[in-house]
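What follows is a short report on a single structure.
Where a number appears in this text, it was derived from the coordinates with a stated rule and is not lab data. What you see is a predicted model; the values in this text were computed from it and never measured. Don't worry about glycine lacking a Cβ; one is built from the backbone with ideal geometry, like all the others, and counts go over all protein chains shown.
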Amino acid sequence: MSQTLQAIRGMNDILPDEAELWEQFEEIVRSWLQGYGYRPIRMPLVEPTPLFARAIGTVTDIVEKEMYSFTDSLNGEQLTLRPEGTAGCVRAVMQHNLLYDGPKRLWYQGPMFRHERPQKGRYRQFHQVGVEALGFAGPDIDAEQIMMCQRLWDDLGLEDIRLELNTLGQAEERQQHRSALIAHFEQHAAQLDADAQRRLHANPLRILDSKNPAMQEIVERAPKLIDYLGRESLQHFAGVQALLKDAGIPFRINPRLVRGLDYYNLTVFEWVTESLGAQGTVCAGGRYDGLIAQLGGKPAPACGFAMGVERLLALWQAQGGQLEAVGTDVYLVHQGEGEGEKARHLAFRVAEGLRDNGYAVQLHCGGGSFKSQMKRADASGATFAVIIGDEEAAAAEVTLKPLRETGEQRRVAVDQLAEVIGERLFAWEDENGSL
Ligand code: ATP
Ligand code: MG
């Protein structure tokens with residue numbers, strides 16, 4: 001195929017076998033969210049570029065180098081394919097004044113776009129399920145969101161995902177910590193490597209991530225954010241932890257967990273697995289109390305998280321998640337003399353009649369011999385073939401042939417077909433388990 005007719009690198013087709021697994025996953029997700037009172041919201045895939053610059057922050061990986069931004073050639077507007085969902089969700093909540101009658105629990109899913117280097121678990125179009133609770137201030141909602149994640153892992157049968165937790169305090173507290181960090185590293189400037197020297201004033205937090213063994217000691221001794229938190233921040237963090245402990249959810253406090261987006265404060269968390277190699281974070285989130293005001297709305301606290309669907313599905317499959325067969329009940333074979341019109345007309349009527357009764361039917365289209373049609377029927381995975389020839393058509397009957405069991409084929413009157421199939425399916429499921 002010519003190069004121009006390939007999908008864009010890092011943007012994947014999800015073919016039917018996989019797409020059915022996705023749908024199954026989405027169904028589990030939908031009922032899980034319903035169980036916690038979250039309601040769906042759907043936002044556009046494209047938003048004005050300034051929304052993301054203002055929400056995510058200009059000195060973040062996403063805004064600096066990962067956004068698909070372009071100029072609308074018709075009106076010159078600057079647009080961006082959404083790299084994440086929180087900004088658009090908050091924009092929608094503000095635009096439609098959704099918080100007018102109290103807090104809201106909302107969720108969405110769909111593709112997100114980031115211009116990253118594609119690799120396993122990291123794509124340029126990837127999918128998230130995003131969960132946002134808006135208008136809630138206390139640690140209870142943070143804890144509930146974390147607990148609900150645990151329930152989803154349980155619902156999916158996922159093991160080996162651990163919870164990392166941290167608090168970022170409030171902006172002023174981070175500012176004081178930052179000043180203390182700079183002072184600390186300035187005192188030990190001689191021991192800083194070139195990278196750290198460069199970051200000292202721009203982003204001293206990043207020095208804490210240094211892997212340079214020669215710097216580990218001064219990194220270890222650097223001031224800790226927790227020591228700069230005020231009473232309220234500490235209480236909030238303690239509140240989250242107490243609820244998690246009570247729910248029996250183990251966690252590790254990771255002081256280096258800072259998240260890549262600017263808008264977080266207080267609680268941040270990530271769910272991480274070792275089973276996926278380098279791309280092990282399957283879910284990440286936290287509190288973003290300042291975002292709504294930052295976007296010009298009436299201040300309201302909020303808390304949310306997003307899951308990477310590709311990573312979760314990879315984990316699900318690696319840990320035995322299986323597609324429940326999504327089958328066709330009946331493959332309808334029909335052929336008659338001449339144009340085969342009588343048989344064909346009956347076939348259409350029979351197919352629609354079966355669908356009226358809730359059966360999934362593939363009607364053979366495209367003609368061909370009985371033999372070739374039966375081959376298709378076998379390959380379709382259907383439970384039964386229903387066969388209509390001139391003889392059947394004349395008698396208002398069909399031939400019902402089991403494809404997955406060894407039973408005999410038999411003639412059945414058209415008006416009894418749905419009932420007979422129902423009985424046979426019931427017997428079949430009784431012996432073989434559900435389809
Ligand atoms: P990472 O550190 O892996 O780049 P991130 O901090 O950029 O992740 P978030 O913006 O918090 O990720 O997005 C939430 C989740 O979405 C991630 O934990 C991950 O599961 C998933 N995710 C993020 N970027 C990608 C991507 N490019 N491809 C696939 N999944 C992704
Ligand atoms: Mg990233």
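Pull up the DSSP beta bridges for the range 330-426 and report the antiparallel fraction as a percent, rounded to 5. Please list the in-between numbers first.
On the way: 8 of 16 bridges.
Bridges in the range 330-426 are about 50 percent antiparallel.
Cα centroid distance between the range 70-130 and the range 325-350, in Å?
Centre-to-centre (Cα) distance: 46 Å.
Determine which lysines satisfy two conditions relative to residue 342: a Cα distance under 27 Å, and not lying fewer than 8 residues away in the same chain.
371, 375, 401
At what distance in nm do the modelled label points of residue 406 and residue 69 sit from each other, each positioned 7 Å from its Cα along Cα→Cβ?
6.9 nm
Using all C-alpha to C-alpha distances in the range 300-387, build P(r) with 10 Å bins and read off the rounded percent in each one.
15, 32, 18, 15, 12, 6, 2, 0
Taking the Cα centre of the chain as the origin and placing charges on Cβ (Lys, Arg +1; Asp, Glu -1), which of 347, 152, 364 is farthest toward the positive end of the dipole?
Farthest towards the positive end: 152.
Once you charge only the Cβ atoms, +1 for Lys and Arg and -1 for Asp and Glu, what is the size of the charge dipole of the chain about its Cα centre, to the nearest 20 debye? Can you show the working numbers first?
Working: 45 positive and 61 negative charges, 342 e Å.
Taking the Cα centre of the chain as origin, the dipole is about 1640 debye.
Suppose we keep just the DSSP beta bridges with both residues in the chain; what percent of those would be antiparallel, to 5? Don't skip to the end; give the middle numbers.
Details: 51 of 64 bridges.
Around 80 percent antiparallel, to the nearest 5.
Report the FRET efficiency, 1/(1 + (r/R0)^6), for residue 375 and residue 187, where r is their Cβ-Cβ distance and R0 is 56 Å, rounded to 0.05.
Values: r = 80 Å, r/R0 = 1.42.
With R0 = 56 Å, the Cβ-Cβ based efficiency is 0.10.
How large is the Kirkwood hydrodynamic radius of the chain, in angstrom, based on all distinct alpha carbon pairs? Don't jump to the answer; show the numbers that get you there.
Numbers: mean 1/r = 0.0386 Å⁻¹.
Kirkwood hydrodynamic radius for the chain: 25.9 Å.
Of the residues 171, 302, 418, which exhibits the maximal mean-square fluctuation in a Gaussian network model of the chain defined by a 10 Å Cα contact cut-off?
Top of the fluctuation ranking is 418.
Would you please put 213-226, 403-416 in order of how densely packed they are, using the mean number of other Cβ atoms within 10 angstrom per residue and starting with the highest?
213-226, 403-416
For labels at residue 427 and residue 294 in the simple 7 Å Cα→Cβ model, what's the distance in nm?
About 6.6 nm, to one decimal.
If you build a Gaussian network model of the chain, linking Cα atoms that sit under 10 Å apart, which residue out of 159, 352, 337 swings the most?
Largest GNM mean-square fluctuation: 337.
Just to check, using Stokes-Einstein with a Kirkwood Rh over alpha carbon pairs, what's the diffusion coefficient of the range 330-426 at 10 °C and 1.306 mPa s in µm²/s?
Values: Rh = 13.1 Å.
Diffusion coefficient, whole number: 122 µm²/s.
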